[in-house]
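Peer 1: Dropping a structure here in structure tokens format, bear with me for questions.
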Amino acid sequence: MPLTEQARWFVLGGDHLVLLDEQGQIPQGPRAQLPAHLHEAPFERFDQWDDLPCYLLDLGAEADGEPSVMMPLRQLMVAGDEEGFRLAGRAWQLATFRRSHRFCGECGAPMVPKAGEWAQQCRQGHVVYPRISPCIIVAVRKGSDILLAAHRRHYQAEDPMYTVLAGFVEAGENLEQCVAREVFEESGIRVGKVRYVASQPWPFPHSLMMGFIADYEGGEIRVQDEELVAADFFGADRLPRLPPHGTIARRLIALCLGEEA
């Protein structure tokens, strides 16, 4: 691969860190502009963006101390770089797949990349593909109000962020059943009139978020302590701090409140 090749360069490392340029974007241009220690690194092509190839390099889980400017992947989302975040998220899911599938789950033998496709294969011929975990995320409406919750996993006492409810799809259930179950388990309320809105890949670590809106049907809020710190119905005039724009959670909230998504 010549140092003059024009491309976009996705350099990953540590726990969801990505190399960004001085403008806070994915580096674009000739390979020669990258830090010198990356000039001979084994990049792999994985996608294309505006007629430019996208190359991926995973420096590994211990690469937090790299001298390059490594920033959290979420920085692209916060900056409003939707395509950069999408492709960096795709790169991360592929890298996570490689990291977590070094050995075959059937025979225990080492696995290597399969030629011609993004998969891992062992010497016995067992092939595995990148894992995708289906999740629902749902905004619940009660009249003009929306159900929002402070989730324990990213809670902060000062100015906590509130968002909609979400959860993983279980074996044997459809998406609508998952919506009803997750809302009831986490908040104690029942919902109906479940309708699909949109989806978003979510690379933390390998989810596919499928967004819904549902209507409140009954019950009193009773938060599941293991998942939530607090939950309540909010009107547009008294909203807490919300998820950033660019997330499907924020889009669902905006749709429920009649705002521009």
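Peer 1: Given 20 °C and 1.002 mPa s, compute D for region 141-193 with the Stokes-Einstein relation, Rh being the Kirkwood radius over Cα pairs; round to the nearest whole µm²/s.
Peer 2: Numbers: Rh = 12.5 Å.
The Stokes-Einstein estimate is 171 µm²/s.
Peer 1: Once the principal axes of the Cα atoms of the chain are found, what is the range along each, listed largest first in whole angstroms?
Peer 2: Projected onto its principal axes, the Cα set of the chain covers 62, 46, 34 Å.
Peer 1: Ok, one more. Could you give the length gained by full extension between His37 and Arg102, i.e. 0.36 nm per residue of separation minus their alpha carbon distance, to one decimal place?
Peer 2: Numbers: separation 65, 0.36 × 65 = 23.40 nm, distance 2.54 nm.
So the chain would gain 20.9 nm between His37 and Arg102.
Peer 1: Where both residues lie in the chain, what percent of DSSP beta bridges are antiparallel, nearest 5?
Peer 2: Expressed as a percentage, antiparallel bridges in the chain total about 75.
Peer 1: Using alpha carbons only, how many angstrom separate the centre of region 101-149 from the centre of region 174-218?
Peer 2: One Cα centre to the other: 20 Å.
Peer 1: Could you tell me what percent of the accessible area of region 121-261 is made up of carbon and sulfur, with a 1.4 Å probe and every protein chain present?
Peer 2: Of all accessible area on region 121-261, carbon and sulfur atoms account for 48 percent.
Peer 1: Counting Lys and Arg as +1 and Asp and Glu as -1, what is the net charge of the other residues whose Cβ lies under 12 Å from the Cβ of His39?
Peer 2: Cβ neighbours under 12 Å give a net charge of -1.
Peer 1: While we're looking at this one, here's another question. Test of understanding: in a Gaussian network model of the chain with alpha carbons linked when under 10 Å, which of Pro30, Pro130, Pro203 would top the mean-square fluctuation ranking?
Peer 2: Its mean-square fluctuation being the largest, the pick is Pro30.
Peer 1: With Cβ to Cβ distances under 12 Å as the rule, what net charge do the other residues near Leu228 carry (K, R +1; D, E -1)?
Peer 2: -4
Peer 1: Using a Gaussian network for the chain with springs between C-alpha atoms less than 10 Å apart, which of these wobbles most: Gln48, Gln25, Gln93?
Peer 2: Between Gln48, Gln25, Gln93, it is Gln48 that shows the largest mean-square fluctuation.
Peer 1: Taking N as the number of residues in region 1-120, what value does Rg over Cα atoms divided by 2.2 N^0.38 Å take?
Peer 2: 1.07
Peer 1: While we're on this one: Based on DSSP H runs of at least 4 residues, each adding -39500 (n - 2.57), what is the mean residue ellipticity at 222 nm of the chain after dividing by all its residues, to the nearest 500 deg cm²/dmol?
Peer 2: -5500 deg cm²/dmol
Peer 1: For region 111-261, I need the span (max minus min coordinate) of the C-alpha atoms along each principal axis, in Å, sorted largest to smallest.
Peer 2: Computed over the Cα atoms, the extents are 59, 32, 31 Å.
Peer 1: So between Glu83 and Val127, what do we pick up on full extension, going 0.36 nm a residue minus the alpha carbon distance?
Peer 2: Stretched fully, the Glu83-Val127 segment lengthens by 12.9 nm.
Peer 1: Ranked highest first by average number of other Cβ atoms within 10 Å, how do 7-15, 116-124 line up?
Peer 2: Descending packing order for the listed peptides: 7-15, 116-124.
Peer 1: With a 1.4 Å probe and all protein chains left in place, how much accessible area per residue does region 190-261 have, in Å²?
Peer 2: 52 Å²
Peer 1: May I pose another question? Taking only complete DSSP H runs, can you tell me which helices of the chain stretch 24 Å or more along their own long axis by Cα positions and average at least -1.0 on the Kyte-Doolittle scale?
Peer 2: Helices meeting the criterion: 82-100.
The values are calculated or read from the model by the stated rules, or taken from the named source; none is laboratory data. If you're wondering where the values come from, they're calculated on a predicted model, not measured in any experiment. Because the Cβ atoms are built from the backbone with ideal geometry, glycine has one as well, and the counts that use them run over all protein chains shown. The area values use the complete protein model at the heavy-atom level, side chains included, leaving out ligands, DNA and RNA. Shrake-Rupley method; radii C 1.70, N 1.55, O 1.52, S 1.80 Å.
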